[in-house]
Amino acid sequence: MIRGLYTAAAGMVAQQRKHDTVTQNIANLNTNGYKQVESLVRSFPEMQLSRSGDSATGSKVIGSLNTGVFAEESMSMNVQGDLTPSDKITDFALYSDLSVTNPNTGEAIPFDASGKYISDNGDVVYKPQAYFTVQDAEGNVKYTRDGSFQVDAEGRLLSSTGFEVLSDNGEPIRLTGAVNQFKVDEQGQLVNPLTGEITGERLGITIVDDPYQLVREGNGNYVLNSESAGSARLLGADDRVQVKQGFLERSTVDSAQSMVDLTAALRAYEANQKVIQFYDKSLDKAVNEIGRV
């Protein structure tokens, strides 16, 4: 009976975390570049039950027993979001459709809707994603899909969180002249709006081969730890990434599905709660009524 209490309590904790994750998604429904987060639920290892104490046959295996579930982690769904026009010259959106070649067949790997591919051998490959490269006041490099940039009085191009936007040479971008003459082509290169010539500077766009190695820091910013730093590289000439000026990438949160998930988590939480109440009444009867007999 006590084991049942633990199982139901674990279910309540898992559903609470799932509820919190969906609530976070709904709160960021209108956040530029936000990637929907999914709460992954795992089951505890199964226990093998056996009957002991039988002098004739010895212990006898009864079967396995699952002891509940737990919310293992929350993962961002790193897929392309819809682009919406903002008509603001300092707004940018990335449209990436990066491919990975299978070394055995020489063909492009067919990723699923979540940007994941599992080979016949069980190897998992994730679809690379492109990110704007920014730098905080301490010089730490971060990555973001939120392209709602702004220009300060010194001509520095800043992200929505006030971080400096870096160029492809790792230096902060500083604009000269009027802001309304700021123009960037689809390759991220700064262009002279009067002559149409490329100025030689380009937005720092980083390709992360395994976006699930990114660590969320809040406000749409991500970082790579030292062990995963090798999976990041600068945008190459053959990478299928386009920079859209005057556009913003919308959140990938599905509002209708989020409401369904929210309701499902609430109902599952209530079901586990009722199980605990049932066990509580059973224990109360066993102690206060049967125990007096």
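Quick note: the coordinates plus some simple rules give every number you see, no bench work behind them. Note that the structure is predicted; figures quoted are calculated from it, not measured. We place every Cβ from the backbone using ideal geometry, glycine too, and count neighbours over all the protein chains shown.
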Within a Gaussian network of the chain (alpha carbon springs, distance under 10 Å), most fluctuating of T133, T144, T161
T161
Dipole in debye (nearest 20) - the chain, about Cα centre, beta carbon charges: Lys, Arg +1; Asp, Glu -1
1320
Among K116, K274, K142, the residue with the largest mean-square fluctuation in a Gaussian network model of the chain built from Cα contacts under 10 Å is K274
Listed by chain and number, the residues whose amide H is under 5 Å from that of S167, excluding neighbours fewer than 5 places away on the same chain and using placed H, are I173, G204
Based only on the alpha carbon positions, what is the Kirkwood hydrodynamic radius of the range 83-249, in angstrom?
16.9
Within the chain, excluding any GluC sites (Glu not before Pro) found in a DSSP loop (not H, G, I, E or B) and having at most 11 other Cβ atoms within 10 Å, the longest uninterrupted segment runs 198-288
So what's the net charge close to F278: Lys and Arg +1, Asp and Glu -1, counting the other residues with Cβ under 12 Å from its Cβ?
+1
Hz values of 3J(HN,Hα) by residue in the range 214-226 - Karplus curve (6.51, -1.76, 1.60), Gly and Pro given as x
6, 10, 6, 10, x, 6, x, 9, 10, 9, 10, 6, 4
Hydrodynamic radius by Kirkwood, which averages 1/r over all alpha carbon pairs of the chain, in angstrom:
22.8
Pairing the Cα long axis of helix 255-288 with the longest principal axis of the chain, what angle in degrees results, from 0 to 90 and rounded to the nearest 10?
20
Taking a cut-off of 25 Å between Cα atoms, list the lysines near K142, but don't count ones fewer than 8 places away on the same chain.
K35, K88, K116, K127, K183, K244
Selection from V184, A237, I205, by position along the positive dipole direction of the chain (Cβ)
I205
Other-chain or far-sequence residues with amide H under 5 Å of V191's (modelled H):
K183, V184, D185, T199
